[in-house]
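Chemist: Supplied in structure tokens, the structure appears directly below.
The values are calculated or read from the model by the stated rules, or taken from the named source; none is laboratory data. Every value quoted in this text rests on a predicted model; they were computed, and no experiment measured them. Here Cβ is always computed from backbone atoms with ideal geometry, including for glycine, and neighbour counts include all displayed protein chains.
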Amino acid sequence: MEKASAMEKGFYRPTEVATIIGFGKTMTYRLIREGKLKTVNVEGNVRVPASAIREFMARYESEAKRGKLA
């Protein structure tokens with residue numbers, strides 16, 4: 001049986017997001033704190049919607065192409 005794609009879940013823990021986007025935990029939490037990576041609070045737990053991960057990655061790629069990463 002094949003392993004399921006990481007993007008099949010609806011919500012992810014910040015540590016899972018770090019693995020998906022290829023950044024460390026500290027950088028991922030900074031992105032969350034700065035509002036660059038959207039989150040939701042699910043019964044007291046911070047989760048990142050899969051759609052927010054896709055949006056962040058698309059924005060990051062677009063900014064990288066334009067040379068505007070900050």
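Chemist: Give the residues of the stretch 29-59 that are out of contact with any helix residue (DSSP H, G or I) (no Cβ under 9 Å at 6 or more places or on another chain) and hydroxyl-bearing (Ser, Thr, Tyr), sorted by residue number.
Modeler: Once the filter is applied, which keeps residues that are out of contact with any helix residue (DSSP H, G or I) (no Cβ under 9 Å at 6 or more places or on another chain) and hydroxyl-bearing (Ser, Thr, Tyr), the stretch 29-59 yields only Ser51.
Chemist: Right, another one. Tell me whether the stretch 57-64 contains one or more residues that are under 20 Å from Glu8 (Cβ atoms), touching a residue at least 12 places away in the same chain (Cβ under 8 Å) and within 13 Å of the chain's Cα centre (by Cα).
Modeler: To start, the set of residues in the stretch 57-64 that are under 20 Å from Glu8 (Cβ atoms) comprises 57-58.
Next, only the ones that are touching a residue at least 12 places away in the same chain (Cβ under 8 Å) stay: 57.
Right, trim to within 13 Å of the chain's Cα centre (by Cα) and you get 57.
Yes, that holds for at least one residue.
Chemist: Look at Ala52 and say whether it is at pLDDT 95 or above, surrounded by 13 or more Cβ atoms within 10 Å (Cβ to Cβ) and among the small types (Gly, Ala, Ser).
Modeler: Values: at pLDDT 95 or above: yes; surrounded by 13 or more Cβ atoms within 10 Å (Cβ to Cβ): yes; among the small types (Gly, Ala, Ser): yes.
In short, yes.
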